[in-house]
Amino acid sequence: QVQLVESGGGLVQPGGSLRLSCAASESVFSISDMAWYRQAPGKQRELVARIYGRGDTNYADSVKGRFTISGDNAKNTVYLQMNSLKPDDTAVYYCTWRLAPTEKSTFGDYWGQGTQVTVSS
């Protein structure tokens with residue numbers, strides 16, 4: 001069973017930066033897209049950024065110009081560079097990949113366990 005493991009969360013002051021990483025536990029056959037979601041206390045989970053196989057990306061309006069999603073296929077890892085962080089960015093951040101583990105598998109959505117990001121002075 002493929003597992004996704006996030007890292008890089010923590011406490012940062014407003015205006016600071018963090019880089020989140022999400023790595024797969026093993027090589028997979030094919031990846032359709034990779035994304036980051038976040039969920040703040042009392043709020044619904046929301047899409048932050050998504051990257052597709054060809055490199056196309058899209059972002060939530062609230063993070064455009066501040067966050068950058070990128071992928072490293074050789075390392076089976078996706079990153080989220082977060083700059084100019086605001087208190088409203090405080091949330092648990094989850095990565096999710098749509099992937100087929102093997103050549104005979106169908107595509108499915110896989111989720112990491114989440115990493116906490118807290119922006120506070």
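The values are calculated or read from the model by the stated rules, or taken from the named source; none is laboratory data. Note that the structure is predicted; figures quoted are calculated from it, not measured. Only protein heavy atoms, including side chains, enter the accessible area calculation; ligands, DNA and RNA are left aside. Shrake-Rupley method; radii C 1.70, N 1.55, O 1.52, S 1.80 Å.
Structure values in brief
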{"quantity": "Per residue value of the accessible surface for the chain (all protein chains in place, 1.4 Å probe), Å²", "calculated": "55 Å²"}
{"quantity": "Partner lysines for Lys104 [C-alpha distance under 29 Å; skip if fewer than 8 residues away on the same chain]", "calculated": "Lys75"}
{"quantity": "Protein accessible area in region 20-75, 1.4 Å probe - carbon and sulfur %", "calculated": "44 percent"}
{"quantity": "Highest-fluctuation residue, Val28, Val63, Val92 considered, GNM on the chain with Cα pairs under 10 Å", "calculated": "Val28"}
{"quantity": "Lysines whose Cα lies under 28 Å from that of Lys43, excluding same-chain neighbours fewer than 8 positions away", "calculated": "Lys64, Lys86"}
{"quantity": "Highest-MSF residue in the chain out of Thr106, Thr57, Thr68 [GNM, Cα springs under 10 Å]", "calculated": "Thr106"}
